[in-house]
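Novice: Here it is, the structure, as structure tokens.
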Amino acid sequence: MSTAVVERIDDDLWSAIGDPTRRRMVDLLLAGGGGTATTLSEQLPVTRQAVAKHLGVLDRVGLVHVTPVGREMRYQVDDAQLARAVAQLSAVGTAWDARLRRIKRIAEAIQRNQHTRSTDNKEEGNGNG
């Protein structure tokens, strides 16, 4: 991966997204057009307090933004930050695809060289026998 790609990766963002509960919360917020800690806790196997902590993490990295609605806070996914995360993931995927293609070429070259040496050794053995 090039240095430019590495510099664009936001570690805090990916640490936040790396948690399966938080990914599920983002999915639920996207599907429902937003939600509160209470509505999310009703759909997840964690307490409302745990949901609120997870939402705090997502808020700190900018993946969600919060709006007070009465006594509760309503969370919505920040489309721009989500698009940024998708772009980062795409860049990482592209870099890894290039790495894997290079590894494949190296492995194929090694395999060809081993086959050539094996064939050469057999021919030398037949000529001397």
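Taken together, the values in this text are just the output of simple stated rules run on the coordinates, not laboratory data. The structure displayed is predicted, hence computed values, not measured ones. Positions of Cβ are generated from backbone atoms using ideal geometry, with glycine treated the same way; all protein chains shown enter the neighbour counts.
Novice: Starting from the stretch 43-92, pick out the trypsin sites (Lys or Arg not before Pro) whose DSSP state is loop and whose Cβ has at most 12 other Cβ atoms within 10 Å.
Specialist: Qualifying residues, ordered by number: ARG71.
Novice: Then there's this: Out of these labelled values of semi-axes √(5λ) of the Cα gyration tensor in Å, (1) 92, 12, 6; (2) 31, 19, 13; (3) 54, 16, 10, which was calculated from the coordinates shown here?
Specialist: Checking each listed value against the structure points to (3).
Novice: Determine the dipole magnitude for the stretch 69-129: charges of +1 sit on the beta-carbon of Lys and Arg, -1 on that of Asp and Glu, nothing else is charged, the reference point is the Cα centre, and the result goes in debye to the nearest 20. Could you put the intermediate results ahead of the total?
Specialist: Working: 11 positive and 8 negative charges, 21 e Å.
Roughly 100 debye, rounded to the nearest 20.
Novice: Now for a different question. 222 nm [θ] for the chain, helices only, -39500 (n - 2.57) per DSSP H run of 4+, per residue, to 500? Don't jump to the answer; show the numbers that get you there.
Specialist: Numbers: 6 runs with 94 residues, N = 129.
Mean residue ellipticity, 222 nm, calculated: -24000 deg cm²/dmol.
Novice: Loop only by DSSP, 16 or fewer other Cβ within 10 Å of the Cβ. Give me the GluC sites (Glu not before Pro) in the stretch 39-129 that pass, ordered by residue number.
Specialist: The qualifying sites are GLU42.
Novice: OK, next. Which value, in debye to the nearest 20, describes the size of the charge dipole of the chain about its Cα centre when Lys and Arg Cβ atoms bear +1, Asp and Glu Cβ atoms bear -1, and nothing else is charged?
Specialist: Computed charge dipole of the chain: roughly 120 debye.
Novice: Can you give me the angle between helix 20-32 and the longest principal axis of the chain, using Cα atoms only, in degrees from 0 to 90, rounded to the nearest 10?
Specialist: 60
Novice: Could you tell me which residue out of GLY32, GLN114, TRP96 lies farthest along the dipole of the chain toward its positive end? Charges go on the beta carbon: Lys and Arg +1, Asp and Glu -1, centred on the Cα centre.
Specialist: Going by the charge dipole, the pick is GLN114.
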